[in-house]
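Read through the structure below, which is laid out as structure tokens, and then see the notes.
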Amino acid sequence: MATVELTNIKKIYAGGVEAVRDVSLTVPNGSFTVLLGPSGCGKSTLLRMIAGLETITSGTCKIGERVVNEIEPADRDIAMVFQNYALYPHMSVYDNMAYGLRNRGMPKPEIDKRVREAAVLLAIEEYLTRKPRALSGGQRQRVAMGRAIVREPQVFLFDEPLSNLDAKLRVTMRLEIKRLHNRLNATSIFVTHDQVEAMTLADQVVVMNSGRIEQIGAPGEVYKHPASRFVASFIGSPAMNLMTGKIVEPGVVETPGGKLPFDAKRFSASGEVEVGIRPEDIHTASSGGTSFTPELVEELGATRLLHGNFGSTPIIVAIPASGTVHENKEMRLSIDAQAVQLFDKATGRSLAR
Amino acid sequence: MQKRAIFGGKSLPYLLLLPQLFVVAVFFYWPASQALWQSFLLQDAFGLNTSFVWFENYKELFEDTGYYRTMLTTAVFAIMVAGLSLSLALLLAVQADKSIKGASVYKTLLIWPYAVAPAVAGVLWIFMFQPSLGVVAQGIRAMGWNWNPLLNGNDALTLVVLASTWKQISYNFLFFLAGLQSIPRAVIEAAAIDGASPARRFWTIILPLLSPTIFFLVVVNIVYVFFDTFGIIDAMTQGGPSKATETLVYKVFFDGRLGGNLGSSAAQSVILMIMVVALTAVQFRFIERRVAY
């Protein structure tokens, strides 16, 4: 197990495309760090650079005490789980897991012991003699993880390992990966574009956008205190409501939805700002508050999404699905002052002190 | 989902099949049956008298040591051409598969020889290697090697092997390249992370995954050597010197067309036909099973 330390990492492809621009990141020993971002944000490239599958244009990548920039993937003491599993189709499950150990000249009994242990851990003992094509997607995924586990590497790398599974299996495998990490406690770096995976698995979420890190933090932190407009809109479903606003007096911002209070201790703002409010932080009120007319109501079972406008800004409100709401009928809303986020209009960065 | 057309009666489907069946019958079954019939006949030298002799032509053939020599020549020829063209094509394909600059130009150029007709290829090579005029031959002779494919049987065989290999490499290359490109990159990367050196990756991952392609190409190459090299041999050596480059198919032509022994020639074609049928059967039987991983 080891700490992974990235310092000023850049990746510029031959065509001049900047995939990763100046990323610095520390993945503490034993942490489960998730690189989260939309496709093309450079998260996979970053992971592949840590794995050694892509060269690093500039900056240093340290695994443990060693700078690994020039070290072959095989010698970095890492294991990787690929999106499409990348199992060796002509080898049995057993051989798939043993391959990496054989390449390192490990004695046979030790290989056997490790493969069988991993197979028990992943509940794939009965498939050891099968070829990958005779396995289901979930089983293949387990074999891919088994192949990583037997190596007992310093760092586990996961490249969107769940995105090829169906929705139900994805939830189960997510839990298993979490359980496995709790048990092995190995440093893991996990790439995904799925915020639910990121929130549930990570103890450190790294939100990336167009080759840069937008925010590093615990899942709750990233959700509650987004460092930028991008993070605010990327994390949370439905996305955070964003609207323009103007600070009229300390602790009060005027928005299309009327004057809203905000936490003046947390934000230092003046003039024009961008105001963010999560749909679940808006509540129904019997009187006072802001006027709102839902144009469309979506029933989600436990919650109910109300779509409407503040002025000309589209707004989504998430409320518990109790009582009745009528479409096109005016209602009153109250907004939690603690939940109001303020962003710089030009840079999109949070205005939090 | 079924993609099957449903017909009301039987007459329309048969009618639709008719052109294809007609072509197959006229161009395949009729000549084949003629060969089979001819192989049971014996004609005098002037074609005036024909008698039915049952298996006499076959018997004569299998008692002729010359026929076995031709078989051996063909086998040696096939093994050398298939072996050389497959391994060279694989080497070229592996190089072309690496993402290098100008890869597409490289690939396109490699495919050209396939477009050259066998007879033209033969003429090209004989121009280069003709002992007194050939550019390459002069170079070889200048190095002190008495190169003479017109007199030396081994030199002649080497020459037709080289020409036939050269022509077949393009075809093999195309299939190998397609085969290599169908191997997922991630599998190779996984092997790299698993500590396999490039050489070990090639032997333990790439080659096994290419085995269906290799098996297919072996069969195709053998068929190529059996039949399609006729033009090359005819243009370069006419089977000589003293039958050193005479393959089975060339002997069919030589005995029947030049020797006028139609019965024996027909019997030889029938034997060739059986060999190819057997090869094809083997291919169909095994390509799905043993080789497919």
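What is the Cα coordinate range of the stretch B:152-293 on the first, second and third principal axes, sorted by size from largest, in whole angstrom?
For the stretch B:152-293, the Cα spread along each principal axis is 65, 34, 19 Å.
Given a Förster distance of 45 angstrom, what is the FRET efficiency for A:Ser58 paired with A:Val248, based on the Cβ-Cβ distance and rounded to 0.05?
0.45
From the gyration tensor of the Cα coordinates in the stretch A:4-228, what semi-axes in whole Å does the equivalent ellipsoid have, largest first, with each one equal to sqrt(5λ)?
Ellipsoid semi-axes (Å, largest first): 29, 20, 16.
Report, to the nearest 10°, how far helix A:108-121 tilts away from the longest principal axis of the Cα atoms in chain A, using its own Cα long axis and a range of 0 to 90°.
Helix A:108-121 sits at roughly 30 degrees to that axis.
Give the separation of the Cα centroids, the stretch A:205-242 to the stretch B:8-68, in Å.
Cα centroid of the stretch A:205-242 versus Cα centroid of the stretch B:8-68: 79 Å apart.
When the Kirkwood hydrodynamic radius is evaluated over all pairs of different C-alpha atoms of the protein assembly as shown, what value in angstrom, to one decimal, is obtained?
It is 31.5 Å.
Restricting attention to the stretch B:158-192, which chymotrypsin sites (Phe, Trp or Tyr not before Pro) occupy a DSSP loop and are surrounded by at most 11 other Cβ atoms within 10 Å?
For chymotrypsin sites (Phe, Trp or Tyr not before Pro) across the stretch B:158-192 that sit outside H, G, I, E and B with at most 11 neighbouring Cβ atoms in 10 Å, the list is empty.
Considering Cα pairs under 8 angstrom that are at least six residues apart, work out the relative contact order of chain B and quote it in whole percent.
This gives 27 percent for chain B.
Can you work out ³J(HN,Hα) from phi for every residue in the stretch A:316-326, in order, using Karplus 6.51 cos²θ - 1.76 cosθ + 1.60 and θ = phi - 60°, giving whole Hz and x for Gly and Pro?
With coefficients 6.51, -1.76 and 1.60, one gets 10, 10, 10, 10, x, 7, 10, x, 10, 10, 9 Hz.
What does the charge count around B:Asn172 come to, taking other residues whose C-beta lies under 15 Å from its C-beta (Lys +1, Arg +1, Asp -1, Glu -1)?
Details: positive: B:Lys107, B:Lys167; negative: B:Asp97, B:Asp228.
Net of charged neighbours comes to 0.
Percent of Cα-Cα pairs more than 15 Å apart in the stretch A:238-344, please.
In whole percent, the share of Cα-Cα pairs in the stretch A:238-344 beyond 15 Å is 61.
Can you give the FRET efficiency for B:Ala278 and B:Val76, using 1/(1 + (r/R0)^6), R0 = 25 Å, r = Cβ-Cβ distance, to the nearest 0.05?
That pair, B:Ala278 with B:Val76, gives E of 0.80.
Can you compute the modelled spin-label distance between B:Ala5 and B:Ile140, with each label point 7 Å from Cα toward Cβ, in nm?
5.5
Looking only at the protein assembly as shown, where both bridge partners belong to it, what percent of the DSSP beta bridges are antiparallel (to the nearest 5)?
Working: 60 of 78 bridges.
Restricted to the protein assembly as shown, the bridges split so that about 75 percent are antiparallel.
Please tell me the relative contact order of chain A in percent, rounded to the nearest whole number, where contacts are Cα pairs under 8 Å and at least six residues apart.
About 16 percent, as a whole number.
Straight distance only, please: which lysines reach the Cα of A:Lys345 with their own Cα at less than 30 Å, same-chain residues fewer than 8 apart left out?
Answer for A:Lys345, where 30 Å is the Cα cut-off: A:Lys10, A:Lys11, A:Lys43, A:Lys224, A:Lys246, A:Lys259, A:Lys265, listed by chain and number.
Which residue, A:Leu180, A:Leu333, A:Leu300, has the most motion in a Gaussian network model of chain A that connects Cα atoms within less than 10 Å?
Looking only at A:Leu180, A:Leu333, A:Leu300, the biggest GNM fluctuation is shown by A:Leu300.
Please tell me the relative contact order of the stretch B:155-293 in percent, rounded to the nearest whole number, where contacts are Cα pairs under 8 Å and at least six residues apart.
It rounds to 27 percent for the stretch B:155-293.
If you fit an axis through the alpha-carbon atoms of helix A:167-184 and take the longest principal axis of the Cα set of chain A, what angle between them do you get, 0 to 90°, nearest 10?
Taking the Cα atoms of chain A, the angle to A:167-184 is about 70 degrees.
Eigenvalues of the Cα gyration tensor times 5, then square-rooted: what semi-axes does that give for the stretch B:88-202, in whole angstrom, largest first?
On the way: eigenvalues 277, 54, 28 Å².
Equivalent ellipsoid semi-axes, largest first: 37, 16, 12 Å.
Looking at the stretch B:199-293, which trypsin sites (Lys or Arg not before Pro) are DSSP coil and have at most 11 other C-beta atoms within 10 Å of their C-beta?
Those that pass, being in a loop and sparsely packed, number zero.
Using the Kyte-Doolittle scale, find the helices of chain B whose mean hydropathy is at least 0.5 and whose Cα atoms extend 15 Å or more along the helix's long axis, counting only whole DSSP H runs.
Flagged H segments are B:11-24, B:65-97, B:118-129, B:153-181, B:207-223, B:262-286.
Given all pairs of different Cα atoms, what value in angstroms does the Kirkwood hydrodynamic radius of chain B take?
Evaluated over chain B, this radius sits at 22.4 Å.
Across 5 Å bins from the origin, how do the percents of Cα pairs in the stretch B:19-161 run, short distances first?
Final binned percentages: 2, 7, 9, 10, 11, 13, 14, 12, 9, 6, 4, 2, 1, 0.
Between A:Leu175 and B:Trp203, what is the label-to-label distance in nm when each label sits 7 Å out along the Cα-to-Cβ direction?
With each label point 7 Å from Cα toward Cβ, the separation is 4.6 nm.
Specify the inter-centroid distance of the stretch A:277-324 and the stretch A:327-344, based on alpha-carbon positions, in whole Å.
9
Mind listing the long-range amide H neighbours of A:Phe158? Cut-off is under 5 Å, sequence gap 5 or more, other chains count too, H placed in the peptide plane at 1.01 Å from N.
A:Val81, A:Ile189, A:Phe190, A:Val191
Hey, with R₀ at 35 Å, roughly what FRET efficiency would B:Thr158 and B:Ser104 work out to, going by the Cβ-Cβ distance, to 0.05?
Values: r = 33 Å, r/R0 = 0.95.
Rounded to the nearest 0.05, the efficiency is 0.55.
What number results when the radius of gyration of the stretch B:155-207, computed over Cα atoms, is divided by 2.2 N^0.38 Å?
Compared with the compact-globule rule of thumb, the stretch B:155-207 sits at 1.63.
Using square roots of five times the C-alpha gyration tensor eigenvalues, list the equivalent-ellipsoid semi-axes of the stretch A:80-146 in whole Å, biggest first.
18, 13, 11
Name the longest site-free stretch of chain A, where the excluded sites are GluC sites (Glu not before Pro) in a DSSP loop with no more than 16 other beta-carbon atoms within 10 Å.
A:71-294
Computed from the coordinates by the stated procedures, all read-outs in this text should not be read as laboratory data. All of these numbers come straight from a predicted model, not from anything done at the bench. Note that each Cβ is placed from the backbone with ideal geometry, even for glycine, and that neighbours are counted across all protein chains shown.
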